[in-house]
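Novice: I have a structure here, written as structure tokens, and I will follow up with some questions on it.
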Amino acid sequence: MISQEELKTCTYNLLKERGITVQSIADIVMIIQQPYIPDLTMDECIESVQSVLEKRETQNAIITGIELDKLAEQKALSEPLQSIMTRDEALFGIDEILALSIVNLYGSIGFTNYGYIDKVKPGIIRHLDSKVDSHCNTFLDDLVGAVAAAAAGRIAHNMPNRVHHVIVEG
Ligand code: MG
């Protein structure tokens, strides 16, 4: 069996290859969690992202999703999957489902965050979502969003005394 250490190295290398840094994911965590924890620090966001990336479930989802994105770019997939992935068809949905295995790790706050990130597309998610180049990021945008959502959920669970409840008026 592949060791946890090998799997972790592989995960970090793949993210780097696709232009994703821990910092870029931590930036999203800060954007979505700061309204609730005003004194949240960037170091805490980074630490939480790293902790989510330690999990085998996260690593498995990332190596699977990025592999499929790469194969789609190389036009190495069979039809109809090749066309579905190239067009990033909205009704495909397996990209979101795969990423849910990461979101699941930290409970219901993770789900809320995940939906919010998908809708608002903060930070690097917007760049990944824009189809400006020949890259296929069908799985990557959801994976990055899921790691950020899980990392934010983890922070909320670990720091209940620092969470401020935001009252939305109107
Ligand atoms: Mg997607």
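Novice: Suppose we filter Leu68, Leu98 for residues that are over 23 Å from Met30 (Cβ atoms), modelled with pLDDT of 90 or more, more than 12 Å from the chain's Cα centre (by Cα) and open to solvent by 10 Å² or more (accessible area, probe 1.4 Å); which single one remains? It would help to see each step written out before you state the result.
Specialist: Values: Leu98 fails: more than 12 Å from the chain's Cα centre (by Cα).
After ruling out the rest, the residue left standing is Leu68.
Novice: Okay, moving on. Which one is farthest from Ala150 (Cα to Cα), of the residues in the stretch 14-36 that are surrounded by fewer than 12 Cβ atoms within 10 Å (Cβ to Cβ) and at pLDDT 95 or above?
Specialist: Just the residues of the stretch 14-36 that are surrounded by fewer than 12 Cβ atoms within 10 Å (Cβ to Cβ), to begin with: 16-17, 35.
Checking which are at pLDDT 95 or above leaves us with 16-17.
Numbers: Lys16: 20, Glu17: 22 Å.
Among residues in the stretch 14-36 that are surrounded by fewer than 12 Cβ atoms within 10 Å (Cβ to Cβ) and at pLDDT 95 or above, the one farthest from Ala150 (Cα to Cα) is Glu17.
Novice: Could you list, in sequence order, the residues of the stretch 101-114 that are open to solvent by less than 40 Å² (accessible area, probe 1.4 Å) and over 18 Å from Arg18 (Cβ atoms)?
Specialist: Start the filter on the stretch 101-114 by keeping residues that are open to solvent by less than 40 Å² (accessible area, probe 1.4 Å), which leaves 102-103, 106-107, 110, 113-114.
Of everything in the stretch 101-114, those that are open to solvent by less than 40 Å² (accessible area, probe 1.4 Å) and over 18 Å from Arg18 (Cβ atoms) turn out to be Val103, Tyr106, Gly107, Gly110, Asn113, Tyr114.
Novice: Right, another one. Could you please find all residues in the stretch 96-146 being touching a Ser or Thr at 6+ places or on another chain (Cβ under 9 Å), part of a helix (DSSP H, G or I), within 14 Å of the ligand (Cβ to nearest atom) and closer than 18 Å to Arg56 by Cα?
Specialist: Leu98, Ile102, Leu143, Val144, Ala146
Novice: In addition: What residue, among those in the stretch 128-160 that are open to solvent by less than 10 Å² (accessible area, probe 1.4 Å) and of a type in the set (Gly, Ala, Ser), is nearest to Asp39 (Cα to Cα)?
Specialist: Ala152
Novice: Quickly run through the stretch 51-82 and pick out the residues that are more than 15 Å from the ligand (Cβ to nearest atom) and among the hydroxyl-bearing types (Ser, Thr, Tyr).
Specialist: Ser51, Thr58, Ser78
The values are calculated or read from the model by the stated rules, or taken from the named source; none is laboratory data. Everything numeric here is computed off the predicted structure, so don't read it as measured data. As a convention, Cβ positions derive from the backbone with ideal geometry for all residues, glycine included, and neighbour counts pool all protein chains shown. Ligands, DNA and RNA are excluded from the accessible area calculation, which covers all protein heavy atoms including side chains. Shrake-Rupley method; radii C 1.70, N 1.55, O 1.52, S 1.80 Å.
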